[in-house]
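Written below as structure tokens is the structure these notes are about.
The values are calculated or read from the model by the stated rules, or taken from the named source; none is laboratory data. Computed from a prediction, not measured in an experiment: that's the story for all the values here. Every residue, glycine among them, receives a Cβ derived from its backbone with ideal geometry; neighbour counts consider all protein chains shown. Just so you know, the surface numbers come from the protein's heavy atoms only, side chains and all, with ligands and any DNA or RNA stripped out. Shrake-Rupley method; radii C 1.70, N 1.55, O 1.52, S 1.80 Å.
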Amino acid sequence: MSISTSVLSDLLKSLPYLRPQLYFKASLTALSHAMEDQVLAATLFQPLVIASFQRERFYRQEAHRYQRLSQRSDQIYVLSAPETDFTNSSEYYEKVAFEPEDGLSQEWHLVVIADNYATCLVCRESLGSIAKNKQVPEISPGLDTDTGRRFEGIWTSERGVSLKAAQLLLDRIVVYRPVLADKIEEARQRFGLGEPRGNSGTAALNEYACDIDTDPFVQRLVTYLQASQYKLHKAYRSITAQARKERLVNSISTAIRRSLDPREVLNVAAQELGQHLGTCRCLIYRAQATDGQAIIEHEFLNPGIVSVRGQTWELENNPLFREIIQEGEGVCVTDTLIDDRVTSSAALSLIAKKFAIRSWLMEPVFYQGRLLGIVELHYCRLPPHEWQSGELDLVKAIATQVGAALIQAEAFANLEELNKQLEALDRTRSNLIAITGHELRTPLSTIQVCLESLASEPDMPLELQQVMLNTALSDSERMRKLVQDFLTLSNLESGRVEWHSESLSFQECVDLALSRLRSRSAEDKPPQIKIQIAENLPLVRADGDWLVEVLAKLIDNACKFTPSSGQITIEAARNSHQMVEVTVADTGRGIEPNRLEIVFDRFYQEEGALRRTTGGTGLGLAISRQIVNGWGGEIWAQSTGKDQGSQFHFTIPIVQGTTGD
Ligand code: ADP
């Protein structure tokens, strides 16, 4: 059995002058509590109390009061939609269970009537008030959404209205629990509620009969209002704090993200965070989970505080750092003098004492679970600093920003590096096209012409056949060299080369290089070659094959660009940097001073790839530089200009305590 009509609507229908008002749930709770307390406090004689709750759970919150109210009167009726064990019963007071679909489940009523007092609260929950509240999830921490539910209805002390409300509710109660008919009739008689559905209550419509002390009521109401006000105030405070924190995080993040240089990012973060929190020191340093130590790189300092920049922090045996790694969370120490984690570690105690660290916070900078660094805050003055959750949240938020900014900066640096590599690759590609266009195609067509002639003209004189064959052979040799040099350089540049470092006598390497040269250019008469190797030259540490390769290339160049009448000198002596410095000098055509560095570029040839007269690939010096850099040496060229001869220098590490003799 359920009745779908609304008590509020019925009341408004029979008393059309009433104007319903909007109430928040918090206000209704305050009002109903005050009304109930009024009954408890006042000397009302056997009042009629009717309370209707939307659900059992709301009734439960009030049950203890009704238990007490029941000592005041035997005309107490409590209605509710049952959820667990609320049933029709008559133990302390009359309980009336209605179906959840009943119109009453949308309403909230409380009526109190005594001979000298009457008040009523008749309300219905506003449609959509719950739904609306749910759409704004937790906008205001501390304000729970339930108290924001809204009701419309009447709250009044007009006796006539209260009597009418009582009458409507009693009518319903009889329907639900006919056994109470007699008892209800008794109440009707007593308070002149007239016939069921009658209108006798209106006779006393505008009569205010309230000659009892309303002070407790007012007191109670004020207390509730104060409580709500306090809650509101707290909520606003937390909203303001939240907003302030967000602004701070925003401004710091903006400052951090302005730069793409990781060092600047960390520096700005340390300064901004330290300044905003007013700590004595704010440090940021890079650290990985497996690091044993870290060097303090970035620091914010308050005036009068000793700097720790450049200091080395122990990480491996640092209980605070270990805890960060284990828990994946920051740690904070209020007082280093009594915290076990610090006092039990000699290293930490020492640092704390030396740099007067009294309160200590370490927050990890993670990016996708990878530790990138640590943010540290120090307080050095008394009293020890109690870390507030607001501060911790802020540091955490900034650490997150620092992590993202660092990764962004790293990504940018990688991108720049990648761009450079791409540009270099692009240059190589273009050069390769030029080279293939000329260096490969020209000999290839020569070879083709020679071979075709040989094949198509069997009567060709023998000498001419020989010339054709020799041309084809030498051109194919040139192509082979080019392809080989290009592969060598590619392998060296991409690090796909194995190094076999050994102790070598420099003299032997020079001999090998020269013998290779002679076997190659048997027919050209090379310029005279002089060798000047310092006495007691120590052994050098390098890969023998590669060292001979560099020497051969430099001597080969010197021969190529020097007339037969000129001279080539090969010198070797120990320099001031504990290296052997080798010089291959010639008296040939020389190099313009502004070309001294460019000659090491890939495919550089003074004449340009297309106007080549001398043989060569333009890769010799690029290969030599890769080789020399590979063993940690340097290579450079010197020349005072055109026709002034050139000197190529390079260095090789020595084997300490040896001589090459
Ligand atoms: P290449 O195969 O053309 O010799 P390298 O890389 O060895 O290629 O040399 C690059 C360019 O540097 C040469 O083409 C030449 O212009 C210049 N060069 C190298 N060695 C000398 C030298 N000893 N005297 C003058 N110019 C030189």
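Counting just the residues of the range 560-576 that are farther than 29 Å from residue 655 by Cα and surrounded by 17 or more Cβ atoms within 10 Å (Cβ to Cβ), which one comes out farthest from the ligand (Cβ to nearest atom)? The selected residue is 566. Cβ-Cβ distances below 6 Å connect the following pairs, each with a first residue in the range 550-571 that is on the phi < 0 side of the Ramachandran plot, a second residue that is open to solvent by 30 Å² or more (accessible area, probe 1.4 Å) and in a strand (DSSP E or B), and a separation of six or more residues or different chains: 567/528; 568/529; 569/530; 570/531; 571/532. May I ask you to verify whether residue 314 is surrounded by fewer than 18 Cβ atoms within 10 Å (Cβ to Cβ) and farther than 23 Å from residue 247 by Cβ? Yes, satisfied.
Count of the range 337-357 residues, restricted to those that are open to solvent by 10 Å² or more (accessible area, probe 1.4 Å), of a type in the set (Val, Ile, Thr) and either assigned to a helix (DSSP H, G or I) or under 22 Å from residue 393 (Cα atoms) (or both), is 2. When the strands (runs of 3 or more DSSP E) confined to the range 443-556 are screened for residues that are modelled with pLDDT under 90 and either assigned by TED's automatic domain parsing to the domain that holds residue 626 or exposed (fewer than 13 other Cβ atoms within 10 Å of the Cβ) (or both), none reaches at least 1 such residues. Against the numbered list (1) basic (Lys, Arg); (2) without any contact (Cβ under 8 Å) to a residue 12 or more places away in the chain; (3) open to solvent by less than 90 Å² (accessible area, probe 1.4 Å), residue 237 comes up short only at (3). Among the residues of the range 577-596, those that are away from the ligand (no atom under 11 Å from the Cβ), farther than 12 Å from residue 654 by Cβ and not in a strand (DSSP E or B) comprise 593, 594.
Evaluating residue 399 against the criteria (1) open to solvent by less than 70 Å² (accessible area, probe 1.4 Å); (2) assigned to a helix (DSSP H, G or I); (3) touching a residue at least 60 places away in the same chain (Cβ under 8 Å); (4) farther than 17 Å from residue 327 by Cα leaves one unmet condition, (4).
Scanning the range 261-297 for residues that are small (Gly, Ala, Ser), more than 18 Å from the chain's Cα centre (by Cα) and open to solvent by 10 Å² or more (accessible area, probe 1.4 Å) yields 278, 292.
Annotation: of all residues in the range 312-355 being out of contact with any Phe, Trp or Tyr (no Cβ under 8 Å at 6 or more places or on another chain) and polar (S, T, N, Q), the one that is nearest to residue 400 (Cα to Cα) is 326.
So which residues in the range 602-614 are at pLDDT 70 or above and either more than 6 Å from the ligand (Cβ to nearest atom) or open to solvent by 30 Å² or more (accessible area, probe 1.4 Å) (or both)? Across the range 602-614, the qualifying residues are 602, 603, 604, 606. Look at the range 80-107: where a residue is farther than 24 Å from residue 125 by Cβ and a partner is open to solvent by 70 Å² or more (accessible area, probe 1.4 Å) and not aliphatic (A, V, I, L, M), sitting 6+ places away or on another chain with Cβ atoms under 8 Å, you get 92/67; 93/74. Restricting the first member to the range 621-637 and to residues that are under 14 Å from residue 583 (Cβ atoms), and the second to residues that are among the polar types (S, T, N, Q), the beta-carbon pairs closer than 9 Å and six or more apart or on different chains are 628/651; 633/651; 634/651; 635/624; 635/629; 635/651; 637/646; 637/647. Entry remark, the range 624-654: residues being basic (Lys, Arg) and at pLDDT 95 or above number 1 in total. Taken together, 31, 8, 79, 18 contain a single residue that is of a type in the set (A, V, I, L, M, F, W, C), over 52 Å from the mean Cα position of the chain (by Cα) and part of a helix (DSSP H, G or I), which is 8. Consider the range 239-296 and keep the residues that are among the acidic types (Asp, Glu) and part of a helix (DSSP H, G or I). The one that is farthest from residue 396 (Cα to Cα) is 264.
Consider the range 615-653 and keep the residues that are open to solvent by 20 Å² or more (accessible area, probe 1.4 Å) and within 19 Å of residue 508 (Cβ to Cβ). The one that is nearest to the ligand (Cβ to nearest atom) is 631. Of all residues in the range 297-325, those satisfying the criterion of being among the β-branched types (Val, Ile, Thr) and within 21 Å of residue 392 (Cα to Cα) are 324, 325.
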